[in-house]
1. Assess whether VAL235 counts as being of a type outside the set (Gly, Ala, Ser), assigned to a strand (DSSP E or B) and over 20 Å from PHE250 (Cβ atoms).
2. Is at least one residue of segment 349-358 open to solvent by 10 Å² or more (accessible area, probe 1.4 Å), more than 17 Å from THR445 (Cα to Cα) and in contact with a Ser or Thr (Cβ under 9 Å, 6 or more places away or on another chain)?
3. Out of LYS374, LYS420, report the one residue that is farther than 23 Å from GLN490 by Cα and of a type in the set (Lys, Arg).
4. Please determine whether any residue of segment 245-262 is surrounded by 22 or more Cβ atoms within 10 Å (Cβ to Cβ), of a type outside the set (Phe, Trp, Tyr) and part of a loop (DSSP other than H, G, I, E, B).
5. Say whether the condition of being farther than 16 Å from LYS161 by Cα and buried (at least 22 other Cβ atoms within 10 Å of the Cβ) is met by at least one residue in segment 273-287.
6. Could you say which residue among GLN384, GLN337, GLN323 is more than 21 Å from VAL455 (Cα to Cα), over 21 Å from the mean Cα position of the chain (by Cα) and not small (Gly, Ala, Ser)?
7. What about GLY206, is it modelled with pLDDT of 85 or more and small (Gly, Ala, Ser)?
8. I'd like the full set of residues that are basic (Lys, Arg), surrounded by fewer than 21 Cβ atoms within 10 Å (Cβ to Cβ) and assigned to a helix (DSSP H, G or I), limited to segment 190-232.
Amino acid sequence: MAGKETADVRGALSALSQTGCDERSASESGGREATCAEASSTVPEAVRRLKKMLVREYVGATVDMGEGMVEEGMKEPSVSDVQIRLMILSRPELRQEFVDASFDSTGDMWRVEHIFTKAADSLENILIESLFDLNEKQMKEFSSGRRTYRIVAVASAGCGKTFVFTRVAPLKWARNEMWTSFDLVIARKLRNREVREATDICALLGVGERGVFKDEERKSIDDFVREQAHRVCLVLDGLDEIRLGDCSGFVKDIVNGSNVKGLRLVVTSRPCVELLSLSEKKQFDRRVELVGFRQEDVEEYIGKVLRSVDEASILVEAVRQDQHLASMMATPFLAMQMCKMFHCRNGMLPKCLSDIFDMMIIQVAERNTGESYKSWNEISPAVQALILDLGNFAFNMLTQRRLIFTDTDLQMRAITGEAKALGLLVLADSSSRDDSRLWMFSHLTLQESLAARYVAVKKAATPARIVRLVELLGPETNHLRTFWMLLTAQLDKENAECLINGLLTRKKSIDGQGAAVNDENEE
């Protein structure tokens, strides 16, 4: 692995001696905005040095196969080893949607196949390589540098938006495989305090985090980005994880396009109220949605993650024969967890969605106690209590629409050191100081699954409580899809039906209000 990565880095760095775009790539894409002559003659040395640092970082990146819970025997592969194309749909507008739930015989698998079919038929499926291709009219509007070209990329939790835009896209750019008109492609996470509180270009781009740059070099980078902004792509990941109001005025201005005009900007998010509000203000020029793997992508992914050909063949055949497995494998995060379960649990496969999250919890408990468990009920009461404490905390944070937490938040909810030691909570901000650390669950879907377990075990015992729960979180149904799915799985039949009916009633009520508003606008 190390030798291969070194060769990849050498190959990528050797491309930097070239112009960054060739005649063939320039002629094939209508979106090329910088000529080869321009690219080779106007890039300052400080920018070139920053680019080399980025290339090394992107080409050498690895994948955490367990989102903080890597098992022995499954090495962390490089991004280049497991990159798989995702379906990206171009949406003319964003709407908060709630799809009618239908359940299979196990009671907890939302059928999503028809969503993929309908989406593929009615919406444009685009390639990430062509995300920034502009038509002639757009070229005139954006190539002048007077306007920032803003793209919002939306996906439900686990569909791969962070992986695609902070790992795969930068890797392909670093290898000169796409977006070759950009001199810099920089992906930053909004959850990092240094990102959302940035007050200048170099701080926002993380220049100081990647090496020592003198004041004149920082000024050179700043001037280049301002003067040649259309040659810089900035990815801001995780709008749903923060409140835009917590960002500096500089970052807000970057997002709304009023500062550093001409940038090529990508903002990623799960569907959330703030994102919809921004979209209604027409702040984004393109809206895309990541919807997961196609069947052929699933099979390729299995082959890349499971190194054994025989092991991969068995899992591929199992997925071909079981529509429920195929549906779950369409979500990249679930596909990763299923490969891990299959490999580490001697060929075990989930019967339904909740089995995947149950197994994640079981693996945490096993690592904590050194014992072996087959189900939640076998886990020691002490560890169960710690997990339910985290579930209580997860649920309360969801009700506040919060995905990032402080030490004070944990102390107020009596989250002990033992609970934190389970590994389900991780530092959200690598730059956090000891006196003001920020935390998050190791994956956003894990927060929803822990919250669902807590509610099912401790709170949702009656239909009346179910109704109150829907009223409390109902407006966030799309945002919390995993929560509703897993909660339904853990309720008895009467309460599950009450929950489904409550959600659908809520949907009709919201749809009715939306129709009334549209009627008023038409009048």
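1. Details: of a type outside the set (Gly, Ala, Ser): yes; assigned to a strand (DSSP E or B): yes; over 20 Å from PHE250 (Cβ atoms): no.
So VAL235 fails the test.
2. The answer is yes; a qualifying residue exists.
3. On the way: LYS374 fails: farther than 23 Å from GLN490 by Cα.
Within the list LYS374, LYS420, the selection yields LYS420.
4. yes
5. Of segment 273-287, the ones farther than 16 Å from LYS161 by Cα are 273-274, 276-285.
Then keep just the ones that are buried (at least 22 other Cβ atoms within 10 Å of the Cβ); that gives 284.
Yes, segment 273-287 contains at least one residue that is farther than 16 Å from LYS161 by Cα and buried (at least 22 other Cβ atoms within 10 Å of the Cβ).
6. Working: GLN384 fails: more than 21 Å from VAL455 (Cα to Cα); GLN337 fails: over 21 Å from the mean Cα position of the chain (by Cα).
Only one candidate qualifies: GLN323.
7. yes
8. Matches in segment 190-232: ARG193, ARG210, ARG218, LYS219, ARG226.
The values are calculated or read from the model by the stated rules, or taken from the named source; none is laboratory data. All figures in this text were calculated on a predicted structure; none of them were measured in a lab. Virtual Cβ from ideal backbone geometry, glycine too; neighbours counted across all protein chains shown. Heads up: the accessible areas ignore ligands, DNA and RNA and are worked out on the full protein's heavy atoms, side chains in. Shrake-Rupley method; radii C 1.70, N 1.55, O 1.52, S 1.80 Å.
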